[in-house]
1. Can you work out which of the residues in segment 565-584 that are at pLDDT 85 or above and among the small types (Gly, Ala, Ser) is farthest from the chain's Cα centre (by Cα)?
2. Right, residue 497: surrounded by 15 or more Cβ atoms within 10 Å (Cβ to Cβ) and farther than 25 Å from residue 375 by Cβ or not?
3. Among the candidates 395, 364, 355, single out the residue that is in contact (Cβ under 8 Å) with a residue 60 or more places away in the chain, of a type outside the set (S, T, N, Q) and either over 30 Å from residue 454 (Cα atoms) or touching a Lys or Arg at 6+ places or on another chain (Cβ under 6 Å) (or both).
4. Tally time: how many residues in segment 448-500 are among the hydrophobic types (A, V, I, L, M, F, W, C) and over 30 Å from residue 665 (Cβ atoms)?
5. Scan segment 705-724 residue by residue and report those that are among the small types (Gly, Ala, Ser) and in contact with a Cys (Cβ under 9 Å, 6 or more places away or on another chain).
6. Residue check: is residue 488 open to solvent by 10 Å² or more (accessible area, probe 1.4 Å), farther than 29 Å from residue 542 by Cβ and modelled with pLDDT under 90?
7. Restricting attention to segment 160-187, report how many residues are open to solvent by 30 Å² or more (accessible area, probe 1.4 Å) and either assigned to a helix (DSSP H, G or I) or closer than 17 Å to residue 237 by Cα (or both).
8. Go through the residues of segment 284-296 one by one and say whether even a single one is under 22 Å from residue 187 (Cα atoms), modelled with pLDDT under 85 and assigned to a helix (DSSP H, G or I).
Amino acid sequence: MAAQVPKLEPPVLAELSQELQRFQVGDQQLWEALVQDTARRPQELKPLDIVYLLDAFRRALSFGVRPAPALEATCQRIMECYQDFNSKQCTGALGSVCRLSGHIDSSQQYKVMHLLLGQWLASQPAKWETTPSNQVISVAVSLSGLGVLSDRTETFLAAASSWALRWGAPEGGALSAEDLVVLLWSLKEMTPLGLARYRELVQLSLVRIRAAATYEDWTLVRQGQALEVLLSAKHALVEDGADLAVAEELLLGIEAPMTAALSKQLAQAPCSFLAKVLATGEQGGTDFWLRCSGLTEAAGGPAELCLTCDRHFFGFGAFGLAMPQPVSTVRIVGYGMTALGKLRRSATELMQEALQKALQSTGLQMKDLDGLVAVPSLSHPHFMEAHFLATQVGLLPRQNVRVRTIDTGGAGPVSGLLEAVRMVKAERCQAVAVVAGDAVSSLATADFLARADQGCRDPQGLLPSPCIPNGYDQVARWQMGRSVSREQLAMVSVLMSRQAQRHPLALTKRPHSLEDVLSSRSIAPATNLLECARRADGGAAIIVASSSFMDHHLGHDVVSSKDGAVSERLGPVAASGGVVVLGGGEASGPLFPPRDIDEAMFSCEAAAQSAFSEAQLLPGDVDWFGLYDCYPVCFVRALEACGVAAKGQGGQWVEQMFKRTQSEYQPADFPINTHGGLLAFGAPWEVPAMYNIIEACEQLTGAAGPRQVPRVRRALVYGNGGIFSHSSVAILAKPVD
């Protein structure tokens, strides 16, 4: 049979592939012949042939078939003939291309989906009056797997939500209760701020779901999606002064039967699904687990069994399980920072001031510390910086005190945070300070540039002075040839200046215009002055401690964080429960760009992946991001690496946000770098990632004032050192106790 495949016409070939997968035929030779023949003559394929083949190849993966050559050729053929696809064919192809992630080159995948989505949108009637509901749902699910692709995704989101309000969600509408769950889940996955922008649709849908849902008939996956939608919907319904009592009544009417149905199936659930349920449930906090006692009891048994799989789960405290873990969580319990500007003070003085302020915010004294991590300065460098500072402040000499200097460039504060966590977990430290400070603004410009060049000059002399701006400029120009425009890069500086005006300590007091940025002094071919981190003097520090230390030493366990009571010896940060460090990751790249730049030089993707893996979270689970933005290209790549924007779409994401924030906007509209980042808040050399951490703490503890994003439960902070030479990512969370 395999020998006959090259003689078959493409329609027959496509039908054969469908029959093979329908009857579960795992003949490797036959499938290999199909793959090779499809790769050999893709130009003969028509849209329907392509839909059938993609679907068959996707399903054939379970037989061990590796269809990469055919997929590459088929995707290339789609880019040639996408305008011939009808609405139904676009829907089918979108679904298969999305589900074949990992088997199709990512850039090719995004291009294909971009074109197919555009064709699907173009083929819809006005207001989608006759658009089949199953197509809307299928396209939404396909797009949710890849995040925001482009302005076409935004068009789809707006049109789909309007269509659902008009035709799908009202009583007697085209969508069932299960369809509404899938649509809301997909919208949530595609929107960084969850369901808040779809408040009217959420309310109307939940009324239908409460009245018509038959949860027992749903699959396990659908029930898990319903739980995610339920907890995300609460945030959407109570914003802007909405009636909390009405929202609670509606949500509770769904929660009880839905979690009861889910409880019955958890015993057969795979460990990965159970981990997701536990992580999702954490969004509802302790009250959720107490209300849903049946779900708590049902999850407890499987969770205990899954411990033998060496997996990491959230929510174990709710189940009272005896688990082999450290005796407590590790938390940031205080922070402090100096003013920024040209301060005419030494780096050591700035570090000392920041450390004292951090201790005051926790109610601790210097003698309570048994660990210190310091980031070195450029203006006043010292051999073994941490030892020098610890000696200066009287922490040394003393027994059982551990101090370390961490030098990973601008990633240093986040690397220092992760090192402090390790010191608490593995070395039994009780309270560790992480400190950074520098006075680069007080240096003469020529002196500053000479010192900066000394650290990053490549031996072959390929980087002209100033080395760091020119290194990032090389990457920016490389990126401009692929996925971002010159104007989109400049928009990053405008966005940061808009954020900075809300922070009282930020150096940038008024927003830049795009013309301001593009007309500012040229530093390198594609980099202007307003696209460089804003040089400043300043210091910042955080205190990291175990929750058991907080309880036993500070008395946190007898302080009510709910009613706002704060003991005299406990600072407000610690009284709130501090900020839990859920996980982190680090990765390294070359000290300077190679002659031929490619993706291998970048480290943020690996660091972010490690952090998400350790925290057992996905990008959609994070409510606020602190992303390193020393130069615009760093910010754009961070958006993609941390899952805010799809791969290759960071520039388009920036442009969309630029347009969205041109007039009055709320912090929730742009929950990234709400302090202004390096470009606008200020950048004392290796200190700025500490400002990301501090801003994350203020967001998680509700102390961000006019910058506050509502109901932030998890935050991600990213620091970058050198020229993409080192990346450190940490994921933080609001505690539930």
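1. 578
2. So residue 497 passes the test.
3. Working: 395 fails: in contact (Cβ under 8 Å) with a residue 60 or more places away in the chain; 355 fails: either over 30 Å from residue 454 (Cα atoms) or touching a Lys or Arg at 6+ places or on another chain (Cβ under 6 Å) (or both).
One residue alone meets the criteria, 364.
4. Summing the residues that are among the hydrophobic types (A, V, I, L, M, F, W, C) and over 30 Å from residue 665 (Cβ atoms) in segment 448-500 gives 10.
5. Taking segment 705-724 as the starting set, the residues that turn out to be among the small types (Gly, Ala, Ser) are 705, 715, 719, 721-722.
Across segment 705-724, the qualifying residues are 715, 722.
6. no
7. 7
8. Checked segment 284-296: at least one residue is under 22 Å from residue 187 (Cα atoms), modelled with pLDDT under 85 and assigned to a helix (DSSP H, G or I).
The values are calculated or read from the model by the stated rules, or taken from the named source; none is laboratory data. Just so it is clear, the model here is predicted, and its values are computed rather than measured. Backbone-built Cβ (ideal geometry, glycine too); neighbour counts: all protein chains shown. Accessible surface is based on the protein model in full, side chains and every heavy atom, while ligands, DNA and RNA are left aside. Shrake-Rupley method; radii C 1.70, N 1.55, O 1.52, S 1.80 Å.
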